[in-house]
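What follows is a single structure, written as C-alpha cells, with notes after it.
The values are calculated or read from the model by the stated rules, or taken from the named source; none is laboratory data. This is a predicted model, so every value here is computed, not measured. For neighbour counting, all protein chains shown are included, and Cβ atoms are generated from backbone atoms with ideal geometry for every residue, glycine included. Please note that ligands, DNA and RNA were not included when accessible areas were found on the heavy atoms of the full protein model with its side chains. Shrake-Rupley method; radii C 1.70, N 1.55, O 1.52, S 1.80 Å.
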Amino acid sequence: LLCGAAAAATGYMLLGGDAAVRQANLPKDGGYDAKFVVDKPGRMRDILSRVEAERYNIVESGGRDLSDAIRLISQVHSDTYIEEFTEAVKDAKATDRIRRLHPVVMRTLIDQYSYDAAVDGVADWIDSIDAAMECAARAANASTSGNDGNDDVIFALTRPPSHHACRARGMGGCLFCGPAIAAFRALELGAERVAILDIDAHHGNGIANCVQDEARIRYCSIHEEVVEKNWFKSEKDIEKKENSVDPRTPFREDRGKLGNILNIPLAKGTRWDGESGYRRALLDEALPFLADDGKQPPDVLILAAGFDALAVDATSGLALETQDYYEIGSVLRDMFGGRIAVGLEGGYVWQDGTLGEAVVKLVKPWAT
C-alpha cells in the first residue's frame, strides 16, 4: 500500500502484507538530524511502527536504478540549482559539517547525505506515479472509473519533504520537488491531464513554481492563510517577484500565469466540518478545480500529503483530527481508486504516535 525513502540513504517501501523491520536500519538522529529542525527521523520511526502494526509490508526502497530520477530532476530543476546543491553537499562532506544549502536560506540545512536522500525521495515519487499510471491504463482498458479492484496505492514515505523546492532553489527544508517531478513523469507516460492536491498546512510554493508553465497540470493547495504584508504591491514589485526564484504566493488571487493554480487559504482554527470548513474546501473548491468542473477530469491525482494541519501540530493553526484524514482518504479513494500517487510532506507530532495514526487513517480506505 505504501512506499518510500526514510532518511539519508535509507529507505522503506510499504505495501500490502507484513514484513519485519530491522531496528538497526531505522533512521537515527545525527548529522543534519542533530540540528534544530522539525523534520526528525522520529517522524519516520513513528510512521513505520504504526504501519507495521496494521500489517502493511515494509520494504527498503534503496539499491535501484536512479537514472530516471536524475533525468527528471534535470528537467524540472535548473542546471544552476542542481550544481549549487551538489557543490554544497561536496563541501559538507569535505568539511564534515552541517551547512546551509544557500547563504540566505536559513532553514534549509544539508549534510553529506542530503543529495542521495533527495534523489532517493524522487525515485520513490516515481514508483508511486508509475503505479498510479498502471492503474489508470487498466481502468481505461476496462472502461471503468479507476476502481478496478486492484487499486493498491504506493505511498512515497520520504525525507526530506519537497513541496517548497522551487525550480531554481531549495527552501523550507525541501531540496527537489517530488510531486512536480511525478506530474511530469505522468505526462511522459501518456497522461493528458494531471492534478496535484497539496494538503500540507503550508503553501507548496515549490510545486506551484515548477508546474506554472504546464497547462496540462493543475495544482491546488489547501493551506493556512498567510497574513498579507505590504509586499509586492506596486507593478515593479510584482514583476520582480514574478521573475524571482520563488515567484508564486499563497494568496487566493495568485492563479499562476496560465490559471492552472488554485490557492485555498483557510483561517486559523479551521476544522473538518462547518460552513468554512476543510471538507467544504476540498469538495466544493479543490476537487472541482482539479477536474475543470468535470470538463477535463485528470487521468491521475498526485497527493502531497502533509499532516501538519492536525490541531495538535504547533507548526500551523489548522485544527484537523486524525479521523479527518480517513475522510480525506475516503473521498479520494471513491473518486480515483488506484489512480493516485501519494507522498509525505509535513507533519511533526510524532512523539506520541499522532503522526503515524494520521498516516494510517489516510491510507485505510485503500486497505478495506
If you go through Asp273, Asp308, Asp292, the only one that is surrounded by fewer than 14 Cβ atoms within 10 Å (Cβ to Cβ) and not β-branched (Val, Ile, Thr) is Asp273
Only one residue in Glu345, Glu321 is surrounded by fewer than 23 Cβ atoms within 10 Å (Cβ to Cβ), modelled with pLDDT of 95 or more and among the charged types (D, E, K, R), so which one is that? Glu321
Could we say that Asp254 is at pLDDT below 95, within 19 Å of His202 (Cβ to Cβ) and under 20 Å from the mean Cα position of the chain (by Cα) here? no
Residue check for Ala117: modelled with pLDDT under 95 and either of a type in the set (Phe, Trp, Tyr) or under 21 Å from Ala165 (Cβ atoms) (or both): yes
Exactly one of (1) modelled with pLDDT of 95 or more; (2) over 27 Å from Thr322 (Cα atoms) is unmet by His203. Its number? (2)
I'm told Gly173 meets every condition in (1) at pLDDT below 95; (2) on the phi < 0 side of the Ramachandran plot; (3) in contact with a strand residue (DSSP E or B) (Cβ under 8 Å, 6 or more places away or on another chain); (4) open to solvent by 10 Å² or more (accessible area, probe 1.4 Å) except one. Can you identify the failing condition by its number? (2)
Tyr278 versus (1) among the aromatic types (Phe, Trp, Tyr); (2) out of contact with any Lys or Arg (no Cβ under 6 Å at 6 or more places or on another chain); (3) open to solvent by 10 Å² or more (accessible area, probe 1.4 Å): which is the lone unmet condition? (3)
Open to solvent by 30 Å² or more (accessible area, probe 1.4 Å) and out of contact with any Phe, Trp or Tyr (no Cβ under 6 Å at 6 or more places or on another chain): is that true of Ser244 in this structure? yes
Of all residues being more than 19 Å from Ala132 (Cα to Cα) and small (Gly, Ala, Ser) in segment 193-214, which is surrounded by the fewest Cβ atoms within 10 Å (Cβ to Cβ)? Just the residue, please. Ala201
